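Trainee: Quick one: structure below, then a few questions.
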Amino acid sequence: MTMIPDDLRYTKDHEWVREEGDGEYTVGITDHAQSALGDLVFVELPEVGAEVEAGVACCVVESVKAASDVYSPLSGEVTEINDALVESPELGNSDPYTEGWLFRLRSDDTEALDALLDFDEYVDLLAAEED
Amino acid sequence: MLIFNYSKAGRKTGSQSPNVSADTLLKSLPANSLRKSKLLLPEVSELEVVRHYTSLSKKNFSIDTHFYPLGSCTMKYNPRICNELAMLPGFLNHHPYAPLQFSQGLLQSLYELQEMLKEVSGMQGISLTPMAGAQGEFAGVAMIQAYHAARGDTQRKVILVPDAAHGTNPATAMMCGYQVKEIPTAEDGDVDIQALQAALGPDIAGIMLTNPSTLGVFERHIHEIADLVHQAGGLLYYDGANMNAILGKVRPGDMGFDVIHMNLHKTFSTPHGGGGPGAGAVGVGERLLPYLPVPVIGCNTDNQYYWMTEQEIPSSIGRLSGFMGNVGVLIRAYIYMRLLGRAGMPRIAEFASLNANYLQAKLKQLGFDMAYPKRRAGHEFVLTLKRQAKTCGVNAMAFAKRLLDKGFHAPTTYFPLLVPECLLIEPTETESKGELDRFLEAMAEILHEAETNAELVLGAPYSMPVQRLDDVRAAKELDLVWKAD
Amino acid sequence: MPYIPHTEEEISSMLSAIGIKQLDQLFDEIPKKLRIKTIDAIPEAVSEMALRRTMQVRANQDGSPLCFIGAGAYEHHIPSAVWQIASRGEFYSAYTPYQAEASQGTLQLIYEYQTMMAGLMAMDISNASLYDGASALAEAVLMAIRANRKCKTRRVLVAGTVNPVYRACINAIVKNQQIELIELPYCTEAGNSLAGSLKQHESQEFAALVIQQPNFFGCLENVDELTDWAHQQNALMIAAVNPLLMAALKPPGEWGQNGADIACGDGQPLGAPLSCGGPYYGFMCCKNEIVRQMPGRIVGRTQDINGHEGFVLTLQAREQHIRRSKATSNICTNQGLVVTASAIYMAIMGPEGLRRIAAQCYANRNALIQAVGSLKGVEVVFTSPGFHECVLRLNKPVEDVMAVFYAQGILPGYNLKKDYPELGEALLVCVTETKTDDDIELYKNTLQQALA
């Protein structure tokens, strides 16, 4: 079964967003995304300080048989990246919502934030894709 | 054992190199221009080399040893005579800049190949220089770009590609500076015409199509598609990967295509060589003649053959190789076409289709699901193991690996991407009914194994030089070059 | 029916399994108006026996001239074992090794090839091959632009001494990607790139510098100086080299303080016959840091589930079949069989064998310069030491001189007038280890006669 925490926000492209307070957000890929990709072997993250734009690709996650762009869910500035994930991409498979986070950003992009899916909407999205 | 493991430092194997002292001869060069580090090449005897690589060769499946129903790749018999004649010393020792009086025999053969390819494709001009299918695609899309640019029509920034297309299509469009827009496939396997209509506009430079498509079916609305794209000011590109299915029966030029490439290593049976070399000759209709990549072989009124270069084709998209592409491959294709002749071409399509449709019909009877069961197969067809993956947990990859144990090369797996758990099966015309029946037996056996002993299938292969290999380890702990301890 | 094994009986039983009566019904989904009746321009089939004779006549018709042309394709001795083994059906008629377990022979061979090529270049990594030297150089330019994150421009500096066809090919392949190629002038005395001309480029940002070693004139470039300069400018260094000569010359990985970033070139000298320009293969090596920007296939060593060594295609997420429009290149089919031959060639020659061939090539070039340099009407144009080739300026039209050689069955070299008109009546002459003292003597005498 796919794991979907109920306290996160989601995108249609299977990224999750956690609000950390003070306009900071953490971004990762969902359990569904990591399972569809298979064993991750490489992750390319943005540079700290980079300006990212909502809906624009800013990371790459690679498995043996697939490579996928990760689109930034919000516009803002990257404040921190997960170096441990670059060293051990398998964290993205084993702990997609905790150890396997991708990057943090500072954002006041309320418009994009409001457009993100909540738990119920993401569950529905997965159910629809399943068909 | 790697070849390096046989190496013994200081072994003198000199019989194949000049009997000189390199140190003495090189002494007059400035010291800072010379190599200082030790060169890591094996120091082995000629016999060790011959034995090592002969034994490596035995670890391969090949057409000469196994049925190889690899969809989209046209793995048919490569006649030995094509190799022998292409390796005549007169051809092998021919310098590409040899003057015309020392080149007429070779140029005549290449010229005649151009003419034959023109006829089977229905195009107006051919350039033989592209060195593989993907380079043919590059040449084709670059010509489309040059055509629009010459007309000052510079707002066309998008190339359309069906979602079932080979990955080379979108990758090529990007290399030519285009954006790529995917067109979905309709339920019956043809292009979704409504989606195409919606996508067409003044920003569309052209569309890249394979016909029969990578789904193995003939695009029945090709005329309508050609009209729609042309009306929108775009051009049509034909990816010749599946030309074996229609050779001598129908021609891309007659379907309305403006530019095509042909994979001579598929349709015209030059060897795949474990990954190449190929040859991806391009053909064009009248509109694109001025843009053909050079050189092209010309023939003047005195029946003298010559190289047509930027001088004769000033708007050419230019040169894609150091010389003239893979000439040795072109000669093999020429010999093959002469051996088959006029009557042999349509026979290829007939028997390639007969074999594919026979396998498709029989596999259906055995209980396999086809992706497009109501359609006639071209020279290949798509089988989906989605049901088996759900019910027995045996996916397409496991099925493919188990086929190796039964003595058959696996079909293409997981392509086209839009059909889940698929095998793309292309038997080609050179396989006998007996061989096809043995393959059917193996497929039936594996299906039975999947239903009764899934573990057995999932662990396959067992009879190869290695068992299932760890791709994840290979990608994470990169070991691309051997290092001495 | 050539190569079609079906009996009448089998055909009818197969048709009935499909549920049709005639072969032609297999094409019933193709619109009628598209079907063609004839392909008249295709000649009738000929037998293998008859065609053998035709092709032998054509191959012989072109004669076997004594060849002093190089200009990117070099005549070398190829041991018989090379193509006899490479032509084994198991190599010749195998596909790309996607099914690793059934392709260990090809995969291991490529891994060994990658090791040999990376060793020759003194670079970290090699790919499994590209098409040829010219197109590999174009791919190297594209790769450098992707890999050079410090540089925001798409400008690349290319030495004017790089093979002119290579430069034309780079232009044809990269021109639709808004990449600007700037030519670096050369020293008309020494015949290599003019270090003094670099100064004017120091204010401009550019992504890479491309140098050929030896260059198109056969002359040696000052590779250390050029490499360090490029790195000081935050540009990547692309080395296009003759791989055989790297057994004797300083390899790209050792150029300057930090080595070249990408090394590429044509693998033809390592076991591929002249064959009118192809098939050859392009090789490409790079530093570890930029391997993910490498185009083309790469083989890696790994283990199977029992811990046994095995080989697979790896880093495939760079490639078109996975990455599609975001792939590092559109290349799919490469030049596998020529690489097979090349690995066998390098294994037979070994480090000392290759070095001796390089040394003999060097000695023969010097012998030719010695022999013709004192002839009246001949000027050896460049002073820089070199390999394989040298440029002669003649006091008669090059075409007239060449005609005299042709009449005697000799190909005297490559006419430089079209590519380098500033050099005047200039001929690029090539001598490899295949030329004997007698050949060089014959060349000298014929030239003397042509200029008399």
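The values are calculated or read from the model by the stated rules, or taken from the named source; none is laboratory data. From a predicted model like this one, the values you see are computed outputs, not experimental measurements. For neighbour counting, all protein chains shown are included, and Cβ atoms are generated from backbone atoms with ideal geometry for every residue, glycine included. Just so you know, the surface numbers come from the protein's heavy atoms only, side chains and all, with ligands and any DNA or RNA stripped out. Shrake-Rupley method; radii C 1.70, N 1.55, O 1.52, S 1.80 Å.
Trainee: Excluding residues on the same chain fewer than 8 positions from B:Lys38, give the lysines whose Cα lies under 30 Å from its Cα.
Mentor: B:Lys8, B:Lys12, B:Lys27, B:Lys476, B:Lys483, C:Lys250, C:Lys287, C:Lys435
Trainee: Something else now. Over the Cα atoms of the stretch C:95-175, what Rg and Dmax result, in angstrom?
Mentor: 16.0, 47
Trainee: Add -39500 (n - 2.57) for each DSSP H run of 4 or more in chain C, then divide by its residues: what number comes out at 222 nm, to the nearest 500 deg cm²/dmol?
Mentor: -11000 deg cm²/dmol
Trainee: Given C:Leu245, C:Gln320, C:Gln370, which one lies farthest toward the positive end of the charge dipole of chain C, if we put +1 on the Cβ of every Lys and Arg and -1 on the Cβ of every Asp and Glu?
Mentor: C:Gln320
Trainee: Please report, for the Cα atoms of the stretch B:237-300, the Rg to one decimal and the Dmax as a whole number; what are they, in angstrom?
Mentor: My reading of the Cα-based Rg and Dmax gives 13.0, 39 Å.
Trainee: At a 1.4 Å probe, which residues in the stretch B:275-298 are at least 40 Å² less accessible with all protein chains present than in their chain isolated?
Mentor: B:Gly275, B:Pro277
Trainee: So, R0 is 51 Å and r is the distance between the beta-carbons of C:Glu189 and C:His77; what FRET efficiency does that work out to, to 0.05?
Mentor: 0.90
Trainee: Select from the stretch C:271-306 all residues whose loss of accessible area on going from the chain by itself to the full protein assembly reaches 30 Å² or more (probe 1.4 Å).
Mentor: Those residues are C:Pro273, C:Leu274, C:Ser275, C:Cys276, C:Gly277, C:Pro279, C:Arg292, C:Arg301, C:Thr302, C:Gln303, C:Asp304, C:Ile305.
Trainee: From the residues B:Ser45, B:Leu340, B:Leu436, which one has its Cα farthest along the dipole of chain B in the positive direction, the dipole being from +1 and -1 charges on Cβ of Lys/Arg and Asp/Glu about the Cα centre?
Mentor: Comparing the listed Cα positions along the dipole, B:Ser45 ranks first.
Trainee: May I pose another question? Rounded to the nearest 100 Å², what is the sum over both chains of accessible area buried where C meets A, with a probe of 1.4 Å?
Mentor: The contact between A and C buries close to 700 Å².
Trainee: Set the Förster radius R0 to 30 Å, insert the Cβ-Cβ distance between B:Arg438 and B:Ala343 as r into 1/(1 + (r/R0)^6), and round the FRET efficiency to 0.05.
Mentor: With R0 = 30 Å, the Cβ-Cβ based efficiency is 0.55.
Trainee: Another question about this same structure. Would any residue of the stretch B:440-465 have its amide N under 12 Å from a label point 7 Å out along Cα→Cβ of C:Asn306? List them or say none.
Mentor: In the stretch B:440-465, the label zone of C:Asn306 (backbone N under 12 Å from the point 7 Å along Cα→Cβ) covers B:461-465.
Trainee: Enter the buried accessible area of the B/C pair, total of both sides, probe 1.4 Å, in Å² rounded to the nearest 100.
Mentor: By this definition, chains B and C bury close to 16400 Å².
Trainee: Working from the pairwise distances between different alpha carbons, so that the mean of 1/r is found and then inverted, what is the stretch B:3-57's Kirkwood radius in Å?
Mentor: Over the stretch B:3-57, the inverse of the mean reciprocal pair distance is 13.6 Å.
Trainee: Pop out the Kirkwood hydrodynamic radius of the stretch C:80-345 from its pairwise C-alpha distances, inverse of mean 1/r, in Å to one decimal.
Mentor: One over the average 1/r among Cα pairs gives 18.8 Å for the stretch C:80-345.
Trainee: Could you pull the Rg and Dmax for the stretch B:81-339, using just the Cα atoms, both in Å?
Mentor: 18.2, 58
Trainee: Compute the Kirkwood hydrodynamic radius of the protein assembly as shown, taking the inverse of the mean of 1/r over all pairs of distinct Cα atoms, and give it in Å to one decimal.
Mentor: In the protein assembly as shown this quantity evaluates to 30.1 Å.
Trainee: How many percent of the accessible area of the protein assembly as shown is carbon or sulfur, using a 1.4 Å probe?
Mentor: 48
Trainee: When the Cα atoms of the stretch B:348-471 are enclosed in a convex hull and the volume is divided per residue, what value in Å³ results?
Mentor: Numbers: hull volume 13.8 nm³, N = 124.
In the stretch B:348-471, the Cα convex hull volume per residue is 111 Å³.
Trainee: Write out the GluC sites (Glu not before Pro) in the stretch C:158-244 meeting two conditions: DSSP loop, and at most 11 other Cβ atoms within 10 Å of their Cβ.
Mentor: Of the GluC sites (Glu not before Pro), the ones in loops of the stretch C:158-244 whose Cβ has at most 11 other Cβ atoms within 10 Å are C:Glu189, C:Glu202.
Trainee: What number comes out for the charge environment of A:Tyr97, summing +1 per Lys or Arg and -1 per Asp or Glu over other residues with Cβ under 13 Å away?
Mentor: Local charge sum for A:Tyr97: -4.
Trainee: Still on this structure, I have one more. From the P(r) of the stretch C:198-304, could you give the percentage of C-alpha pairs in the tail past 18 Å?
Mentor: Roughly 55 percent, rounded to a whole number.
Trainee: What accessible area per residue comes out for the protein assembly as shown, rounded to a whole number of Å², with a 1.4 Å probe?
Mentor: Using a 1.4 Å probe on heavy atoms only, each residue of the protein assembly as shown averages 35 Å².
Trainee: Cα axis of helix C:336-373 to longest principal axis of chain C: angle in degrees, 0 to 90, nearest 10?
Mentor: 30
Trainee: What translational diffusion coefficient, to the nearest whole µm²/s, does the stretch B:1-139 have by Stokes-Einstein, given a Kirkwood radius computed over alpha-carbon pairs, a temperature of 10 °C and 1.306 mPa s viscosity?
Mentor: Once the numbers are plugged in, D ends up at 75 µm²/s.
Trainee: Provide, for q = 0.14, 0.20, 0.25 Å⁻¹, the log10 of I(q)/I(0) from a solvent-free Debye sum over equal Cα point scatterers in the stretch B:401-463.
Mentor: -0.45, -0.89, -1.19
Trainee: Moving on to the next point. Kirkwood Rh over alpha-carbon pairs of the stretch C:8-61, then Stokes-Einstein at 10 °C and 1.306 mPa s: what D in µm² s⁻¹, rounded to an integer?
Mentor: In µm²/s, the coefficient rounds to 105.
Trainee: Extent of chain B along each principal axis, from alpha carbon coordinates, in Å, largest to smallest?
Mentor: Principal-axis extents of chain B (Cα, largest first): 75, 66, 44 Å.
Trainee: Translational diffusion coefficient of the stretch A:9-122 at 37 °C, 0.692 mPa s, Stokes-Einstein with Kirkwood Rh over Cα pairs, in µm²/s as a whole number. If you can, show how the numbers build up before the last one.
Mentor: Numbers: Rh = 13.8 Å.
Result for D is 239 µm²/s.
Trainee: Of B:Lys36/C:Lys152; B:Lys36/C:Lys444; B:Lys181/C:Lys21; B:Lys59/B:Lys266, which pairs sit farther than 32 Å apart, going by alpha carbon to alpha carbon? Walk me through the intermediate numbers first.
Mentor: Numbers: B:Lys36/C:Lys152 36 Å; B:Lys36/C:Lys444 35 Å; B:Lys181/C:Lys21 42 Å; B:Lys59/B:Lys266 23 Å.
B:Lys36/C:Lys152; B:Lys36/C:Lys444; B:Lys181/C:Lys21, as the Cα separations exceed 32 Å there.
Trainee: May I pose another question? Can you tell me the length gained on complete extension of the stretch B:Thr65 to B:Glu312, counting 0.36 nm per residue apart and subtracting the Cα distance? Can you show the working numbers first?
Mentor: Numbers: separation 247, 0.36 × 247 = 88.92 nm, distance 4.65 nm.
Here the answer is 84.3 nm.
Trainee: Next question, about the same structure. Quick one: Debye curve from the alpha-carbon atoms of the stretch C:228-385 only, equal weights, vacuum; give me log10 I(q)/I(0) at q = 0.09, 0.13 Å⁻¹ to two decimals.
Mentor: Summing over Cα pairs of the stretch C:228-385 leads to -0.44, -0.86.
Trainee: Given N residues in chain C, what is Rg(Cα) / (2.2 N^0.38 Å)?
Mentor: Working it through for chain C, the quotient is 1.13.
Trainee: Right, another one. Roughly how tilted is helix C:398-407, in degrees to the nearest 10 and between 0 and 90, from the longest Cα axis of chain C?
Mentor: Long axis of C:398-407 versus the principal axis of chain C: about 60 degrees.
Trainee: Treating only the Cβ of Lys, Arg, Asp and Glu as charged (+1, +1, -1, -1), what charge dipole size does the protein assembly as shown show about its Cα centre? Round to the nearest 20 debye. If you can, show how the numbers build up before the last one.
Mentor: Numbers: 87 positive and 128 negative charges, 861 e Å.
Dipole magnitude for the protein assembly as shown comes out near 4140 debye.
Trainee: Another question, if that's okay. Taking K and R as +1 and D and E as -1, what net charge do the other residues with C-beta under 13 Å from the C-beta of B:Pro162 add up to? Working shown, then result.
Mentor: Numbers: positive: B:Lys181, C:Arg324; negative: B:Asp163, B:Glu182, B:Asp190, B:Asp192, B:Glu219, B:Asp239.
Local charge sum for B:Pro162: -4.
Trainee: Quantify how much of the Cα-Cα distance distribution of the stretch C:37-119 extends past 15 Å, in percent.
Mentor: Values: 2689 of 3403 pairs.
That tail contains 79 percent of the Cα-Cα pairs.
Trainee: Computed FRET efficiency, Cβ-Cβ of C:Glu8 and B:Ile193, R0 45 Å: what is it to the nearest 0.05?
Mentor: The pair C:Glu8/B:Ile193 has a calculated efficiency of 0.60.
Trainee: Could you work out the local net charge near A:Ala33, counting Lys and Arg as +1, Asp and Glu as -1, over the other residues with Cβ closer than 9 Å to its Cβ?
Mentor: Surrounding charge for A:Ala33 is -3.
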